[in-house]
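**Student:** Okay, handing you the structure first.
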Amino acid sequence: MSDTCLLCGGAQELVVGVRERGPHPQLHDYTRVLFCPACDVGELRAFSFDGFVAWDEEDPVMVWSAALSTADVSLLRTAFACPNPLDHRCGCAQHERAYSTSVGTTKTLLSEYGPRRHSPDGRSTATVRVAGGLAEFRSAAL
Ligand SMILES: [Zn+2]
Ligand SMILES: [Zn+2]
C-alpha cells in the first residue's frame, strides 16, 4: 500500500483526507486527494483493503484513481471550506460533500499486483467545482 505517484513513483503530498476507516487488521479504506510536485499533477484516489474477501475470490486490495489537473488541485486548496482538510474524521458539510461526490466520480480501477500495477494508462479524469460554497468532485466531460 502506498500513495506514490502513478507516473514517476515518487512521494505525493496529501492535499485532502476525504474519509478513512482503519487501518484495522481486516479493514482499511480511504479516499484522498494527492498531488505529485514532480509531475505537477493531482489525483483523487480511493483505496480499499477488505481482509474478509474469500481466498482467491477477489483481490483484497483495490485502488481506484482519477487524475486531477494542477488547476483543480489549486482550486480545491483554496475552496475547500474546512480548516482541517487533512482530518479524514471530520464530519463537516465540506468533508461530507467531498466524500459523497467522490463516490459518484468515475475513477479507474488499478491492479495492485502484476505488471500493470500503478499504470496510469486509460485513467479517468476528475474535476473540482464549487457549488453552494463547497468544493465537490465531478467526472470530467469526455
Ligand atoms: Zn509523479
Ligand atoms: Zn471538515
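Bear in mind these aren't lab numbers, they're just calculated from the coordinates by the rules spelled out. Bear in mind the structure is a predicted one, so any value in this text is a computation, not a measurement. Glycine also receives a Cβ, built like all others from the backbone with ideal geometry; neighbour counts cover every protein chain displayed.
**Student:** With charges only on Cβ, +1 for K and R and -1 for D and E, what is the dipole size of the chain about its Cα centre, in debye, rounded to 20? Before the final figure, lay out each step's value.
**Tutor:** Values: 13 positive and 17 negative charges, 98 e Å.
For the chain, the charge dipole is close to 460 debye.
**Student:** May I pose another question? Listing V33, V103, V41, V128 from the residue with the fewest other Cβ atoms within 10 Å to the one with the most, what is the order? If you can, show how the numbers build up before the last one.
**Tutor:** Details: V33 28, V103 12, V41 21, V128 25.
Fewest-to-most ranking of V33, V103, V41, V128: V103, V41, V128, V33.
**Student:** Given the convex hull over the Cα atoms of the chain, what projected area results after averaging over all orientations, in nm²? Let's see the in-between values first.
**Tutor:** Working: hull surface 35.1 nm².
That works out to 8.8 nm².
**Student:** Turning to a different aspect of this structure: Among H95, H88, H24, which comes first, second and so on when ranked by fewest other beta-carbon atoms within 10 Å? Write out the running numbers ahead of the final one.
**Tutor:** Details: H95 23, H88 18, H24 10.
Fewest-to-most ranking of H95, H88, H24: H24, H88, H95.
**Student:** Within 10 Å of each residue's Cβ, count the other Cβ atoms and sort E20, E13, E43 from fewest upward. Let's see the in-between values first.
**Tutor:** Values: E20 15, E13 12, E43 25.
Final ranking by Cβ density, sparse to dense: E13, E20, E43.
**Student:** Return the calculated 222 nm mean residue ellipticity for the chain, to the nearest 500 deg cm²/dmol, obtained by summing -39500 (n - 2.57) across DSSP H runs with n ≥ 4 and dividing by the residue count. List each step's numbers first, then the result.
**Tutor:** Numbers: 2 runs with 21 residues, N = 142.
It lands at -4500 deg cm²/dmol.
**Student:** Turning to a different aspect of this structure: Taking the Cα-to-Cβ direction at S69 and at S119 and moving 7 Å from each Cα, how far apart do the two end points lie in nm?
**Tutor:** Distance between label points: 2.7 nm.
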